[in-house]
Structure formats: structure tokens, C-alpha cells
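Just below is one structure, and these are the notes that go with it.
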Amino acid sequence: RRYLTQTFELEGQGVALENLTRDAALEVLGAMPAESTDSGPPSSRGAKADHSPGVSDVEILEAKDFDALAELVARCTRCPLHEERKRPVFGEGAIDARVVCVGEAPGAKEDETGRPFVGRAGQLLNRLLLSIGLPRETVYICNVLKSRPPRNRDPLPEEVEACSPYLIRQLSIIQPEVILAFGAFAARTLLQTKLALGRLRGRVHEYGGYPVVVTYHPAALLRNPAWVRPTWDDLQIVRSMLDGDSSHA
């Protein structure tokens, strides 16, 4: 409903519903609950209607290590995104990393491989990290969401709420010195703000007690090469923090 409202506000009188299922459209329009209108066989109805948590907050918080946490992600049904994903994208990197890189959500390549930040954007990320002396294998890389939203749309609030405990537990296991948030959505989600990315850059924020530095997403840099230099400037803040400079705090 939130998505349709925003689309209507941006695009005017018409809102395209062709990408919604019949049940989802009826649910959005308030005609009837989606679960009661499925005309498929009973087994199909049960599969579609099963959005039970599957994994509780307590289980996530009590996960002792990344193997246990990754296992929970693999069987998670806390939001409907698990239905269409090919692979969950838990994250990868050094579990004792000083820096954790957080993006928005997996894309198509990430969904296929189960790895975060792959393809051209991932290659650019690798070069950016190397520019401040951080080979990819020395940091930890993950996303706010562990499953790909359909057609790479922005994550919905309920999806973020369902997935956030995993990120919180990842951070509590790693205990990074700084979080590097790539892209407006990751930044706004972590910082609980609606401010534009340009107003969030250039200073250090905080999420869950961890310092956060905000910059552009590598995918955005591929479309806007002029943003590479500002991104490099943001990375210098991270480098200076790792070197013991607290002047940006």
C-alpha cells in the first residue's frame, strides 16, 4: 500500500498493477484478505500463506557464531521475500574485520551466487577499498536485507524490520570499529532518517553504538563517475578513523 501510494504521488492518476498477483492486488485494495482468495490447491494455498516467523528474535540473538546465524538465515521465513529468492545472501569476509560494509539488498547476481557485492559494482567496491589499504578479504560485507526484493525495488519497512536482527547480530559478533554504509537506503535505514545522502555524507554517525560513515553505492558510481572522487573523500574518513584520528566524530 505504501509503495502504491508513493507511486501515485510521483506518477499521477495511473498506477500499474500488472506486476502484482491477483491476491496481492485485492489485499492492497482492501477487498478481502489475500489468504482467502487463493484458488489453487490446498498445498499451494498453505505454501503461499506461510509467512510465519520461522526464526525468532531470541534464536537470532542467541546464535553463537556466523555458521549458526547463516543457518537461521537459510531457513528464515520472517518475510515473504524468501519465497522468490534463489539464494540467501548472508554476507562474507573477515569475522574480525575492523570495517563492516553495509549495502541495501542483494541484486540479481547476488541472488544467483549467494555473495554480496559481485559483478561490476563489486569490482569497483574492491578497488575503492584497496585505495584506503583494505583488501576485500580484510573487511566484512553484507546488506540490510538477506534476500533480493522483486525487480530490485526498495525494501519495504516490514522487510527491514524482519531482517534487521540478523544485521544487529552480525555486528555484535564482529564488533567493528566503523560501519561503512553504501547508498541512500542503507544509510537511511541504519540512521533512521529521511535526510538525503548528500546531507549525511562528510561526518560520522552512530548505529547501535558503532560509528557509521555514509557514502555512495558503487552501482551509483558506475552511472555517475563524477561521484567517485566524493566517495574516495568519504573513505578517507574511514581511513583516518582506523589510524586513530577522531576529528570527524
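The values are calculated or read from the model by the stated rules, or taken from the named source; none is laboratory data. Just so you know, these numbers come straight off a predicted model, no measurement behind them. Quick reminder, even Gly has a Cβ in these numbers, built from the backbone with ideal geometry, and neighbours come from all protein chains shown. In case anyone asks, the SASA skips ligands and DNA or RNA and just uses the protein heavy atoms, side chains included. Shrake-Rupley method; radii C 1.70, N 1.55, O 1.52, S 1.80 Å.
Whole-Hz Karplus values for the range 199-209 come out as 7, 9, 6, x, 8, 9, 10, 9, 9, x, x Hz, taken residue by residue from phi with 6.51 cos²θ - 1.76 cosθ + 1.60 and θ = phi - 60°; glycine and proline positions read x. Shape of the range 84-164 from the C-alpha gyration tensor: prolate (a/c of 1.5 or more and a/b above b/c, with a ≥ b ≥ c the square roots of its eigenvalues). Here the Kirkwood formula puts the hydrodynamic radius of the range 178-249 at 12.3 Å, using every distinct Cα pair.
Classify the range 98-249 from the C-alpha gyration tensor, please: rounded if a/c falls under 1.5, else prolate or oblate depending on whether a/b exceeds b/c. It is rounded, given that a/c, with a ≥ b ≥ c, falls under 1.5.
The charge dipole of the range 120-249, taken about its Cα centre with unit charges on the Cβ atoms of Lys, Arg (+1), Asp and Glu (-1) only, comes to about 540 debye.
Keeping the other protein chains in place, figure out the carbon and sulfur percent of the accessible area of the range 96-249, with a 1.4 Å probe. It is 50 percent, rounded to a whole number. For the range 77-132 versus the range 157-236, the inter-centroid distance based on Cα atoms is 14 Å. Solvent-accessible surface of the range 117-207, averaged per residue with a 1.4 angstrom probe and all protein chains in place: 43 square angstrom. Distant-in-sequence amide contacts of residue 203, defined by a placed amide H-H separation under 5 Å and a gap of 5 or more residues or a different chain, comprise 214. Sort the range 52-121 into rounded, prolate or oblate with this rule: let a ≥ b ≥ c be the square roots of the eigenvalues of the Cα gyration tensor; rounded if a/c is under 1.5, and if a/c is not under 1.5, prolate when a/b is larger than b/c, oblate otherwise. Oblate shape, in that a/c is at least 1.5 and b/c is the bigger or equal ratio.
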